[in-house]
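Structure first, then comments.
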Amino acid sequence: MKINFKLFWKVIFYIYILLLIDFIVFKFFGDVNDVKNNIQLRHENVQIGVSNFNLIPFKTLSSYVSHLDVGVYFLNIVGNIIPFIPLGFLIPIVFPSKKSFIKTMISCLGIIICIEVIQFITYLGSMDIDDVILNQIACVIGYSLYLVSEKYLSRINGQ
């Protein structure tokens, strides 16, 4: 039985995108009421003047450092990097026309911005330029892993 690797990677990519939207946008971990409560709380905060967005680079990250909240700082960084590494890895595999670094990064940025805007509009999260920066760094890491794996596989295949 011959495996269709193009189809395999496309299926992996779309499953990944669905999981990314589920966990990053909806933050759904099994309880719909948690999602509803999160939306309601964020909406109420916006109504009383709490901002739902940050467009100043490193403002959120520096606030964690200045308040010495290392745990939150670490979780924010890890939570914004780890989930997006596969995006930088999978885009050049699934979409060969996006194989170049620039095209992959533009594609990643488009997806990241869409996620941030959806969070802002739906009150499912906040729109934060720091998240975009960290997510994009993750995509660079993912793309680097793609390059390494491509070189490794080409050596194995004798190309």
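FYI, it's all coordinate maths here, none of it is from the lab. Everything numeric here is computed off the predicted structure, so don't read it as measured data. A quick note on method: Cβ atoms are made from the backbone with ideal geometry, for glycine too, and the neighbour counts reach across all protein chains shown.
Counting alpha carbon pairs within less than 8 Å and at least 6 residues apart, what relative contact order, in whole percent, applies to the chain? Write out the running numbers ahead of the final one.
Values: 155 pairs, mean separation 48.7, N = 159.
Over the chain, the number comes to 31 percent.
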In a shell of Cβ-Cβ distance under 15 Å around residue 25, excluding residue 25 itself, what net charge do Lys and Arg (+1) and Asp and Glu (-1) give? -2
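Efficiency by 1/(1 + (r/R0)^6): what FRET value for residue 5 and residue 155, r their Cβ-Cβ distance, R0 = 25 Å, to the nearest 0.05? Before the final figure, lay out each step's value.
Details: r = 18 Å, r/R0 = 0.71.
Computed FRET efficiency for residue 5 and residue 155: 0.90.
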Using a 4.7 Å cut-off between beta carbons, which cysteines in the chain end up with no partner cysteine at all? 114
Listed pairs 98/151; 10/103; 10/98; 10/36; 2/99 exceeding 21 Å between Cα atoms: 10/36; 2/99
Which residues among segment 97-139 fall inside the zone where the amide N is under 19 Å from a point 7 Å beyond the Cα of residue 56, along Cα→Cβ? 126-134
Long-range amide H partners of residue 54 with built H, under 5 Å: 127, 128, 129
Given that just one value was derived from the coordinates, which of (i) 17.3; (ii) 16.4; (iii) 18.3 is Kirkwood radius over Cα pairs in Å? (i)
Rounded to the nearest Å, the spacing of the alpha-carbon centers of segment 125-152 and segment 7-71 is 17 Å
